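To start, the structure itself, in C-alpha cells.
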Amino acid sequence: MDNTMIGKGWNNTEQKAKLVLDPRTKLLLVLCMGLAVVAVVPIYVEFINILLFACLFFFNGQSKTAAKLMVFFLTLFALSYVPCSSTGLFATVVLPVVFMARSFMLPVIAGKYLIDSTPVGLLMSALEKLKMPKSIVITLSVMFRFFPTLGEEYRNIKNAMKMRGIGLNALNIILHPLVTLEYVMVPLLASASRIGDELTAAGHTKGVDAPGKKIRYKTARFGIVDVFMLLYIAVGICAVIGARLYVW
C-alpha cells in the first residue's frame, strides 16, 4: 500500500477543499495558461481566467489567496490604462513591468493552484495513468513536496527573525543585504539540502521506486467538474484564436 509522501499540510488542504479537480485537468490548465506568455490574450479572456482561479482558490479553502489575486490583477489592470506620456518614467519603466507581470501571471497562478491543491499520492496516480516514465513521476512527486516544505521553512525563519526584532521586508533587504544573507539565505539553503535528503530517504522507504503495480488510497478519476473545465478550456482557446483572426 502506498500513500507516498502525503503530509499533514496536504490532508488539511484536502479537508478544506469543496471542489476537487483531477490532477490531469490541472496540468492541462497549466499548459493552456502558459500560452498567455507567447500569445496575445484578450483582456476579457484574461479577466475571466483570473476570476476562475479566484473561485478555484476559494473552493480550495484559500479565500485570502483568492482576494489577494483579484486585488493584484485589478491593480495591474488599472495601471495598464492610466494615461501617460510616451517618454515619462511611468511609460518607460512601470508599464513594461506591468505588462510582464500580466503576461506571466496566469501560468504562475495555475502552477500555484496545482501545487496547493494536489496531494502527491493523487498526482502520482494521475501521472501513472498518463503512462509517464517512472523517473518523471518520482521527480515531480519529490518536487511537489519540496517547494511547500521549503516555503514552510521560510515562514519559520521569518517568524524567528521577527522574534529577534529583524523585520524581513523589501526595505530591510535593500538597506541590510548582508544581514538578509546571513539570517535568511544561509539557513534556507541549509534547510533545502536537508529537505532534499529527507524527501529522497522518505521516498525510498515508502517504495516509490519499487517495481510492480502499486495500490493507492486515492485514485485520480475524471468527474463532472473536470468535464465542464475541459469545455471551458476549449471555449477559451476558441476565443483566443477568434481574437487573433479578428473575428470578434
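A short reminder: the numbers here are calculations on the coordinates, not readings from a lab. This one's a predicted model, so the numbers in the text were calculated from it and none came from an experiment. FYI the Cβ positions are ideal-geometry reconstructions off the backbone, even for glycines, and counts take in every protein chain you see.
Just a few scattered comments:
- Summarising the label geometry, the points placed 7 Å from Cα in the beta-carbon direction at K18 and L74 lie 2.0 nm from one another.
- The convex hull drawn around the Cα atoms of the range 116-185, when projected onto a plane and averaged over every direction, covers 6.3 nm².
- Projecting label points 7 angstrom from Cα along Cα→Cβ for V38 and I136 puts them 1.7 nm apart.
- Modelled this way, with points 7 Å down the Cα-to-C-beta line, the labels at S63 and L230 are 3.3 nm from one another.
- When the C-alpha to C-alpha distance is required to be over 18 Å, the pairs from K26/K112; K64/K158; K26/K129; K129/K218 that qualify are K64/K158.
- Taking every C-alpha pair closer than 8 Å and separated by at least 6 residues, the mean separation divided by the residue count of the range 77-155 gives a relative contact order of 19 percent.
- Between the C-alpha center of the range 57-73 and that of the range 109-133 there is a gap of 21 Å.
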